[in-house]
Amino acid sequence: MIAARADKLGAVFAERAPQHDLEGSFPFENFDDLKESGYLKLTVPAAFGGEEASVYEMVLAQERLARGDGSTALAVGWHIGQILQLRLSGAWPEPLFERLCRDVVAEGTVINELASEPATGSPSRGGRPETTARRVSGGWRITGRKTFSTLSPILKQFVVTAGIEHSEKVGAFLVRSGPGVKVEETWNTMGMRATGSHDVILEDVFVPDTEVIRGPDYEKPEFPVPTEGILLHIPACYMGIAYAARNFAIDFARHHQPNSLTVPIAELPNVQRQIAHIEADLLTARSYLYQTADRWDKEAENRAALKPELGLAKYVVTNAAVRIVDQAMRIVGGLSLSRKLPLERMYRDVRAGLHNPPMDDVVLTNLAKRALSEAEEKGNQEP
Ligand SMILES: Cc1cc2nc3c(=O)[nH]c(=O)nc-3n(C[C@H](O)[C@H](O)[C@H](O)COP(=O)(O)OP(=O)(O)OC[C@H]3O[C@@H](n4cnc5c(N)ncnc54)[C@H](O)[C@@H]3O)c2cc1C
C-alpha cells in the first residue's frame, strides 16, 4: 500500500516537475495531494492517528516518490524524517509532540529543522549558530537568518537552532510563523529548484518556555536514543532519481533507431555495456540501502553501532546515483541535454545529494576510525 501510493503520487508529480523546475516555484499542489493521500502522516505514531512507518517503509516510499520528482521527495523527506526522529527520541515534551502529530493528521501541517546558516556552513560540522536566543519573561526572543530552509513556503512551524545568549550552549526552539518571521526568496540553484529552500529571517521572535526544545539546562544524555536511521530518507531520494534516469535511458535505447542502424541502439554492445554499468551501480547501491534500513529496523539493540553503515549507505547511494544519471545521459546522447526530456533535470537534482549530511569525508573518516579501533582492540587482546 505504501509503495503503490508513492508510485501513484510520483507519476502525477512527474508531470508537474518540469514547470516547477523551470520557474523555481514551490509545488503547493503536490503537498495538497500528499496531504489528501495520507502521505504526510506516514511516520506519525498510530496512537496519534498516523501510519507509524518504519525506516524501511519510509525508504520504500521516498525512493518511489523521487522517481517522479526529486524536489518534492527531498522536501517531504525532511518532514517525515523529522517526525520519525521525534517518535524515536521522545525529544519533545509529549503534549507538544502530540499536538504536532494531530495537526499533521488533521491539517497537513509540515515540519522541518532549520539549522544551516551562512557562517556555520553545514550544521553537521558543529559550528555555533549566529542566530541568538535572548531570555525574556516567559520565554525567549530569537533573532537570526537561516539558509537552505527547505519547505519554507508552507512551514507554519519549524525548529531553529540558536546560540543562547551569555552561554556556550546551543539551544533549539519551536518557532511558529507570525510576527517577526519572514521568508526571503533566495533559493535559485541549479538543482532541487522546487524545494523552496529559501532564507528564513527571524526578528525578535517570541518563543514561550513551553516550546523550548533544548534550553540552557539541557544536557546531552550519555547514551542518547539512536535516531540516525531517519537520515536514510536522503539516499532514498537520490536513489529514486537515479532509478528514474535508468528507466528512461533503457526505454529510450529500446526504441531509438537512427536510420544508420537496422536495430534499436539497445542491441548494440557498447550501449549494453553502458546499461550494465548502470545496473552494477544500481543493484549494489539499492541493495545496501534497503539492507541497512532493514537492519536498522530489526536490530534495535545494535542501532548505535550501525552509524558507520548508515553513513556508508548515504555515501554509496549518492555517489552511485550521480554516476547512474551521468551514464543514462551518455546512452541517450545529445538529446539528453534537451529540456524537453527529464534527464538534464535529474542530472542537476542528483548532485545536491553530495551536499546533504553526512558529508563524504565524515563517512569515510568514521569507517577508517572504526577499522583502526577494532584492529587496536584485537591487537591488545593478543597474548
Ligand atoms: C537541497 C538542499 C536542501 C537542504 N535543506 C536543508 C534544511 O532543510 N535544513 C537545513 O538546516 N539545512 C539544509 N540544507 C543544508 C545542508 O545541510 C548544508 O548545510 C549545506 O548544503 C552546506 O553544506 P556544505 O558542506 O556545502 O557547507 P560547508 O560546511 O560550508 O562546507 C563547504 C566545503 O568545506 C568542506 N568543509 C567544511 N567544514 C569542514 C570540516 N570541518 N572538515 C572537512 N571539510 C570541511 C566541505 O566538505 C565542503 O567541501 C540543504 C542543502 C541542500 C543542498
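Counting residues in the range 338-345 that are touching an Asp or Glu at 6+ places or on another chain (Cβ under 8 Å), more than 16 Å from the ligand (Cβ to nearest atom) and in the same structural domain as Ala244 (by TED's automatic domain parsing) gives one or more. Counting the residues of the range 179-229 that are under 25 Å from Ser137 (Cα atoms), touching a residue at least 12 places away in the same chain (Cβ under 8 Å) and in a loop (DSSP other than H, G, I, E, B) gives 5.
Could you tell me whether any residue of the range 185-198 is in contact with a strand residue (DSSP E or B) (Cβ under 6 Å, 6 or more places away or on another chain) and away from the ligand (no atom under 16 Å from the Cβ)? Quick ask: steps written out before the conclusion?
Within the range 185-198, the subset in contact with a strand residue (DSSP E or B) (Cβ under 6 Å, 6 or more places away or on another chain) is 185-187, 197-198.
Retained after the next criterion (residues that are away from the ligand (no atom under 16 Å from the Cβ)): none.
Looking through the range 185-198, none of the residues is in contact with a strand residue (DSSP E or B) (Cβ under 6 Å, 6 or more places away or on another chain) and away from the ligand (no atom under 16 Å from the Cβ).
Please work out if Ala17 is in a helix (DSSP H, G or I), more than 30 Å from Thr186 (Cα to Cα) and touching a helix residue (DSSP H, G or I) at 6+ places or on another chain (Cβ under 9 Å). It is false that Ala17 is in a helix (DSSP H, G or I), more than 30 Å from Thr186 (Cα to Cα) and touching a helix residue (DSSP H, G or I) at 6+ places or on another chain (Cβ under 9 Å). Of the residues making up the range 96-119, those that are over 16 Å from Gly50 (Cα atoms), surrounded by fewer than 19 Cβ atoms within 10 Å (Cβ to Cβ) and not hydrophobic (A, V, I, L, M, F, W, C) number 1.
For the range 126-144, residues that are within 12 Å of the ligand (Cβ to nearest atom) and either buried (at least 18 other Cβ atoms within 10 Å of the Cβ) or touching a residue at least 24 places away in the same chain (Cβ under 8 Å) (or both) total 2.
Within the range 335-361, residues that are farther than 25 Å from Asp251 by Cβ reach partners that are acidic (Asp, Glu) with beta carbons closer than 9 Å, at six or more positions or on different chains, in the pairs Leu354/Asp360; Pro358/Glu228. Determine, yes or no, whether Arg176 is in contact with a helix residue (DSSP H, G or I) (Cβ under 9 Å, 6 or more places away or on another chain), closer than 19 Å to Ala75 by Cα, more than 15 Å from the ligand (Cβ to nearest atom) and not assigned by TED's automatic domain parsing to the domain that holds Ile80. Taking the combined requirement at face value, the residue satisfies it. Tell me, please, whether a residue that is without any contact (Cβ under 8 Å) to a residue 60 or more places away in the chain, in a helix (DSSP H, G or I) and buried (at least 20 other Cβ atoms within 10 Å of the Cβ) can be found in the range 262-276. No, the range 262-276 contains no residue that is without any contact (Cβ under 8 Å) to a residue 60 or more places away in the chain, in a helix (DSSP H, G or I) and buried (at least 20 other Cβ atoms within 10 Å of the Cβ).
In this structure, Asp251 does not satisfy being modelled with pLDDT of 95 or more and outside any helix (DSSP H, G or I). Take the conditions (1) closer than 20 Å to Met192 by Cα; (2) crowded, with 23+ Cβ neighbours inside 10 Å; Leu22 misses just one of them, which is (2).
Taken together, the residues in the range 144-157 that are more than 20 Å from Gly121 (Cβ to Cβ) and either outside any loop (DSSP other than H, G, I, E, B) or not charged (D, E, K, R) (or both) amount to 5. For the residues Asp326, Asp281, Asp294, the requirement of being at pLDDT 95 or above, more than 18 Å from Arg351 (Cβ to Cβ) and assigned by TED's automatic domain parsing to the domain that holds Met239 singles out Asp294.
Looking at Phe48, Phe26, just one residue is under 17 Å from the mean Cα position of the chain (by Cα) and either of a type in the set (A, V, I, L, M, F, W, C) or within 21 Å of Ile154 (Cβ to Cβ) (or both), and that residue is Phe26. When restricted to residues that are of a type outside the set (Ser, Thr, Tyr) and in contact with a helix residue (DSSP H, G or I) (Cβ under 9 Å, 6 or more places away or on another chain), the range 109-145 contains 12. Restricting attention to the range 195-207, does a residue exist that is of a type in the set (Asp, Glu) and under 15 Å from the mean Cα position of the chain (by Cα)? Checked the range 195-207: no residue is of a type in the set (Asp, Glu) and under 15 Å from the mean Cα position of the chain (by Cα). Residue count for the range 83-125 under the criterion of being of a type outside the set (S, T, N, Q), in contact with a Pro (Cβ under 7 Å, 6 or more places away or on another chain), over 16 Å from Arg176 (Cα atoms) and within 9 Å of the ligand (Cβ to nearest atom): the result is 1.
The values are calculated or read from the model by the stated rules, or taken from the named source; none is laboratory data. All of these numbers come straight from a predicted model, not from anything done at the bench. FYI the Cβ positions are ideal-geometry reconstructions off the backbone, even for glycines, and counts take in every protein chain you see.
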